[in-house]
Amino acid sequence: MVKILIENQITEMNKEEFKCIVNRYSSVAVDIGTGDGQFIYKRAKQNTDELYIGVDSSIDNMRMCSTKTTKKPSKGGIKNILFVVSGVEDLPDEMIAIADKITINLPWGSLRDGIVKGDEVVLHNIKKISKAKTELSICVTYSTNHEKQEIETRKLPTLSIDFIRTQLKQQYRACGINIDDAYIWNNDMLKKLDTKWAKKLAFGKKREIFYMKCVVMD
Ligand SMILES: C[S@@+](CC[C@H](N)C(=O)[O-])C[C@H]1O[C@@H](n2cnc3c(N)ncnc32)[C@H](O)[C@@H]1O
């Protein structure tokens, strides 16, 4: 069953109900660790023939946006958006092979850890919800200047382009995901991402943000 957050309530949808919604749209974009959901909300408003699915383990983060989407269109209501309550580690089988595009913006916690450590469960789950050749965009940031304690406690690898293009690339490939390229964004480039956390971080201390452009293999 897929747990869909509608306002303050979780509704469980079975495979048929979920597929019925998915099949109404020309394509599906999934944002994992969506947080307040604004990133997908803005895109969903502009592309009404595409379905946008925000996934987050935290109900609290998605609640406000989910509530807005149920209002009248004049008050911000839209139909082509769903909020799924799930950790990336437990993505439901109903989501198998639905995503044309996946984004993971500024993850923290176990989502970030899985992404930067190339965790097999996390990567297999991302692959599981992808179609062939799904685009996967990831941007992640931490550094010893600002997150020293977190890096030590969670045993996070030192991020660098070299680390991504060598070690992480191999781990991703083993799970069916190709890291096509990796770049470093600065604070100004991060502003363009236009998410709540992008704004928070971009207007804060100077930092390097690692952007990975990936494609899910057939
Ligand atoms: C820093 S926030 C970023 C939110 C949003 N992407 C943005 O850019 O504003 C990280 C989000 O990842 C979610 N998260 C952390 N671990 C997760 C996991 N294992 N599965 C799904 N979401 C997770 C958190 O609940 C949080 O909403």
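Points to keep in mind about this one:
- Candidates Lys169, Lys200, Lys192, Lys196, filtered to the one that is touching a residue at least 24 places away in the same chain (Cβ under 8 Å) and either assigned by TED's automatic domain parsing to the domain that holds Cys139 or touching a Lys or Arg at 6+ places or on another chain (Cβ under 7 Å) (or both): Lys196
- Answer from Asp113, Asp49, Asp93 - the residue that is away from the ligand (no atom under 13 Å from the Cβ), among the acidic types (Asp, Glu) and under 20 Å from Ile177 (Cβ atoms): Asp93
- One residue stands out in the stretch 116-126 among those that are under 16 Å from Val215 (Cα atoms) and crowded, with 18+ Cβ neighbours inside 10 Å: the one that is nearest to the ligand (Cβ to nearest atom), namely Val122.
- Residue in the stretch 117-163 that is nearest to the chain's Cα centre (by Cα), counting only those that are under 14 Å from Ile104 (Cβ atoms), part of a helix (DSSP H, G or I) and of a type outside the set (Lys, Arg): Ile126
A quick yes/no check of all residues on (1) within 21 Å of Lys128 (Cβ to Cβ); (2) over 14 Å from the mean Cα position of the chain (by Cα):
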site: Tyr25; (1), (2): yes, yes
site: Gly33; (1), (2): yes, no
site: Gln38; (1), (2): no, no
site: Tyr41; (1), (2): no, no
site: Asn47; (1), (2): no, yes
site: Tyr52; (1), (2): yes, no
site: Asn61; (1), (2): no, no
site: Lys71; (1), (2): no, yes
site: Ile78; (1), (2): no, yes
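- When each of Ile40, Ile10, Ile21, Ile6 is tested for being closer than 26 Å to Ala198 by Cβ and outside the structural domain of Ala132 (by TED's automatic domain parsing), the lone residue that passes is Ile40.
- Scan the stretch 176-206 for residues that are crowded, with 18+ Cβ neighbours inside 10 Å and either within 16 Å of the ligand (Cβ to nearest atom) or not hydrophobic (A, V, I, L, M, F, W, C) (or both) and the total you get is 8.
- Within the set Thr134, Thr141, the sole residue that is within 15 Å of the ligand (Cβ to nearest atom) and surrounded by 15 or more Cβ atoms within 10 Å (Cβ to Cβ) turns out to be Thr141.
- Condition met for Phe163 (at pLDDT below 95, aromatic (Phe, Trp, Tyr), surrounded by fewer than 20 Cβ atoms within 10 Å (Cβ to Cβ) and not assigned by TED's automatic domain parsing to the domain that holds Asn23): no
The values are calculated or read from the model by the stated rules, or taken from the named source; none is laboratory data. Bear in mind that the values here come from a model prediction, so they are computed numbers and not experimental data. So basically every Cβ, Gly included, is an ideal-geometry build from the backbone, and we count neighbours across all protein chains shown.
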